[in-house]
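Let me begin by presenting the structure, written as C-alpha cells, before commenting on it.
The values are calculated or read from the model by the stated rules, or taken from the named source; none is laboratory data. What you see is a predicted model, and the numbers here were worked out from it, not measured in a lab. Glycine also receives a Cβ, built like all others from the backbone with ideal geometry; neighbour counts cover every protein chain displayed.
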C-alpha cells in the first residue's frame with residue numbers, strides 16, 4: 001500500500017476477537033502457511049464496497065462483539081455482516097450502509113443479535129505492514145494483523161487507516177436482498193468430493209437430509225457439526241492438501257467444515273467442499289444453530305460465485 | 001506420464017470450486033518426489049496468473065486457482081495436458097542437505113525413555129539411531145515450516161500420544177509412526193518428544209521463509225547442552241512453561 005497511513009481508531013475496550021483481514025495470504029500454502037482472510041467473504045466484501053474500497057482492502061473482522069473503538073479523526077465507515085448491536089456514541093448505528101463518524105466519537109459493538117461476525121470497513125482501508133504478502137491476521141501462526149504478529153486487538157492498540165478516507169460522499173447502502181437473516185436455518189451448498197463413494201448409502205442419505213447442529217467447537221479453523229453418525233469405509237488417508245470449505249469426517253462420524261485458518265494438509269475422508277459462499281454463511285452461525293447440507297453442481301456454484309463477485313468488480 | 005504406474009492413477013479429483021486434487025500415487029515413497037516437483041513446475045507454467053496455490057503432499061498435489069480467471073473445466077483440461085506430458089524432475093532427489101543441531105535429553109524429550117523401552121534399546125542407542133539417519137522432507141503442513149520427514153528406523157516406530165499436549169515448545173524434535181519432525185513454533189501436538197533444536201525453522205525475514213523445503217534431506221546432529229544454549233536454545237524442561 002503506497003498510500004500514507006494515519007491514525008484511525010484507538011481501541012478503548014477489547015472484545016473476545018477482532019482481527020484485521022484482507023482477502024487472504026496466498027502463494028505460501030506449500031510452506032504450511034494457511035490462507036486466512038475473512039471467514040465471511042460476503043459481509044467483508046460488502047463492508048468494503050459500501051465505503052468505496054476495491055476488492056482486497058483490509059477490514060476489521062469482529063467476532064461476538066464487546067469491542068469499543070474511539071475515532072482518531074473524521075472517517076467514513078460501514079458495518080456489514082453480523083448485527084452485533086453497533087452504536088455510535090450510544091445511538092444505534094445502521095448496518096449495511098456507509099456512515100460518518102467524527103473524531104472523538106465512540107464506535108461500540110455489544111453482542112450477537114443476528115450473526116456472529118461483523119465487518120468494519122473504513123474508506124481508504126485499514127493499513128498495516130503485510131507479512132508474507134498479506135495483512136490477514138492468523139493468531140495460531142502469529143502472522144499478520146495490526147502488529148504483524150497475529151495478535152487480536154487489545155486495549156490501547158491503534159488502528160491505522162489509508163489517508164484520505166475521511167471524505168464524505170453519498171450514502172451507499174446494500175439492497176435488502178444482500179442482507180442475510182443469519183438466524184434462519186442455512187442451506188449450505190456442497191460440491192461432492194472424490195471420497196463421497198466411500199460413505200455408506202445410509203450416511204449419504206443422512207448427510208443431505210438430516211438437520212445438523214453447529215457445535216460450540218467452532219472457530220476460524222473449522223466448525224464441527226453434530227447429528228447422525230456418518231460412516232465412511234475409508235478411515236483415514238495419506239495427508240493431502242485441504243481446500244476451503246472441505247467437509248471432513250473423522251472416525252467419530254461428526255463432520256468438520258474447514259474454514260480460512262485450517263491446517264494446510266490433513267488426512268480424513270471428505271464428503272466434499274462447501275462453496276465459498278456457503279462457507280461464509282456457516283461462519284455467521286452461532287453454536288446451537290441448525291444447518292442443512294445441499295449438494296450443488298459445479299456449474300451452479302460457479303454461476304452463483306460469478307454473480308456475487310460481479311457486484312464488486314472494478315467499482316470504486 | 002510414464003513410469004511408476006498404479007491402476008487408475010494419476011487421477012483428477014474434485015476438491016471444491018477453486019481446486020483440483022491431482023492424485024499421482026497410492027503409497028508414500030521417496031521416488032514420488034521427482035514427479036511431484038515436476039508437476040508443480042509444469043502447473044505454474046500452465047496456469048500462470050490464474051494459479052493461487054500449490055499444496056504438494058506425499059502422493060498428491062492440490063492445485064488451487066482463481067475460478068474467475070480460469071473456468072474449472074478448462075483448468076481440468078490443462079491439468080490433463082500437463083499430466084500427459086509429465087516427466088520426472090531429475091534434480092528433485094538432490095534436495096539440500098540440512099543439519100539440525102539437536103540437544104537430545106529427557107528433560108526436553110520426555111518420550112526418550114518410552115522409545116527406548118519399546119525398542120529394547122538404551123536412551124543413548126535411541127539417540128544414535130535417530131541421528132544417524134538422513135531423512136527426506138515428504139511434505140510441509142500442520143504449521144508454517146513444519147516438515148514431515150521420514151522414514152524413521154522401524155525400531156523407533158511409536159504411536160502418537162493418547163492425549164496431545166496443549167503446548168509443545170518451540171524447536172521440539174519429535175517422532176510419530178515412521179516420521180520425524182521439529183516444531184517451528186509453540187503449538188499443540190501429539191508426537192513423542194525426544195529433544196530440541198535451536199535451528200530457526202520458520203523465519204519471516206528469510207528468503208523463502210521456511211528452512212526446510214519439499215525434497216530436502218535432513219540430519220539431526222547431536223549437540224550438548226552448552227552448545228544448544230550457545231545457539232540460543234531454550235533449556236527449560238518440559239512442564240515448566242518452556243519455549244516462551
(message) I'm trying to understand the selection: among the residues of region B:170-188, which are under 13 Å from residue B:100 (Cα atoms) and either more than 14 Å from chain A (Cβ to nearest Cβ) or surrounded by fewer than 19 Cβ atoms within 10 Å (Cβ to Cβ) (or both)?
(response) B:171, B:172, B:173, B:174, B:180
(request) Considering each of A:192, A:250, A:255, A:228 in turn, give the residue that is modelled with pLDDT under 95, in the same structural domain as residue A:304 (by TED's automatic domain parsing) and either within 30 Å of residue A:82 (Cβ to Cβ) or touching a helix residue (DSSP H, G or I) at 6+ places or on another chain (Cβ under 7 Å) (or both). (result) A:250
(request) Could you check how many residues of region B:57-70 are within 8 Å of chain A (Cβ to nearest Cβ), within 27 Å of residue A:189 (Cα to Cα) and surrounded by 19 or more Cβ atoms within 10 Å (Cβ to Cβ)? (result) 5
(request) Run residue B:232 past the list (1) surrounded by fewer than 12 Cβ atoms within 10 Å (Cβ to Cβ); (2) closer than 30 Å to residue B:56 by Cβ and report the number of the one that doesn't hold. (result) (2)
(request) Restricting attention to region A:30-45, report how many residues are surrounded by 24 or more Cβ atoms within 10 Å (Cβ to Cβ), in contact with a helix residue (DSSP H, G or I) (Cβ under 9 Å, 6 or more places away or on another chain) and under 27 Å from residue B:44 (Cα atoms). (result) 3
(request) Given the conditions (1) in contact with a strand residue (DSSP E or B) (Cβ under 8 Å, 6 or more places away or on another chain); (2) not in a loop (DSSP other than H, G, I, E, B), report the number of the one that residue A:140 does not fulfil. (result) (2)
(request) For region B:46-56, name all the residues that are more than 9 Å from chain A (Cβ to nearest Cβ) and either touching a strand residue (DSSP E or B) at 6+ places or on another chain (Cβ under 7 Å) or outside any helix (DSSP H, G or I) (or both). (result) B:47, B:50
(message) So in region A:46-77, with the set limited to residues that are closer than 30 Å to residue B:43 by Cβ and touching a strand residue (DSSP E or B) at 6+ places or on another chain (Cβ under 8 Å), which one is surrounded by the fewest Cβ atoms within 10 Å (Cβ to Cβ)?
(response) A:57
(request) Those residues that are more than 22 Å from residue A:269 (Cα to Cα) and touching a helix residue (DSSP H, G or I) at 6+ places or on another chain (Cβ under 6 Å), I need them from region B:9-42; list them, please. (result) B:33, B:34, B:37, B:42
(request) Identify, from the list B:167, B:160, B:206, the residue that is farther than 23 Å from residue B:93 by Cα, within 13 Å of chain A (Cβ to nearest Cβ), free of Cβ contacts under 8 Å to residues at least 24 places away in the same chain and surrounded by fewer than 19 Cβ atoms within 10 Å (Cβ to Cβ). (result) B:206
(request) Kindly list the number of the only condition in (1) under 22 Å from the mean Cα position of the chain (by Cα); (2) in a helix (DSSP H, G or I) that fails for residue B:78. (result) (1)
(message) Here are the criteria: (1) touching a residue at least 24 places away in the same chain (Cβ under 8 Å); (2) surrounded by fewer than 22 Cβ atoms within 10 Å (Cβ to Cβ); (3) within 21 Å of residue B:184 (Cα to Cα). Tell me which single one residue B:90 does not satisfy.
(response) (3)
(message) Among the residues in region A:107-124, are any surrounded by fewer than 19 Cβ atoms within 10 Å (Cβ to Cβ) and closer than 18 Å to residue A:276 by Cβ?
(response) no
(message) Can you name every one of the strands (runs of 3 or more DSSP E) wholly within region B:147-244 that holds 1 or more residues which are touching a helix residue (DSSP H, G or I) at 6+ places or on another chain (Cβ under 8 Å)?
(response) B:172-176, B:179-182, B:192-197, B:217-222
(message) Against the definition (crowded, with 18+ Cβ neighbours inside 10 Å, part of a loop (DSSP other than H, G, I, E, B) and within 16 Å of the chain's Cα centre (by Cα)), how does residue B:144 come out, yes or no?
(response) yes
(message) Looking at (1) at pLDDT below 95; (2) surrounded by fewer than 17 Cβ atoms within 10 Å (Cβ to Cβ); (3) under 17 Å from the mean Cα position of the chain (by Cα), which one does residue A:140 not meet, given that it meets all the others?
(response) (2)
(request) Could you grab me the full set of residues in region B:20-45 that are under 21 Å from residue A:26 (Cα atoms), away from every other protein chain (no Cβ under 11 Å) and surrounded by fewer than 19 Cβ atoms within 10 Å (Cβ to Cβ)? (result) B:41, B:45
(request) Look through region B:119-141, keep the residues that are assigned to a loop (DSSP other than H, G, I, E, B) and buried (at least 16 other Cβ atoms within 10 Å of the Cβ), and return whichever of them is farthest from the other protein chains (Cβ to nearest Cβ). (result) B:121
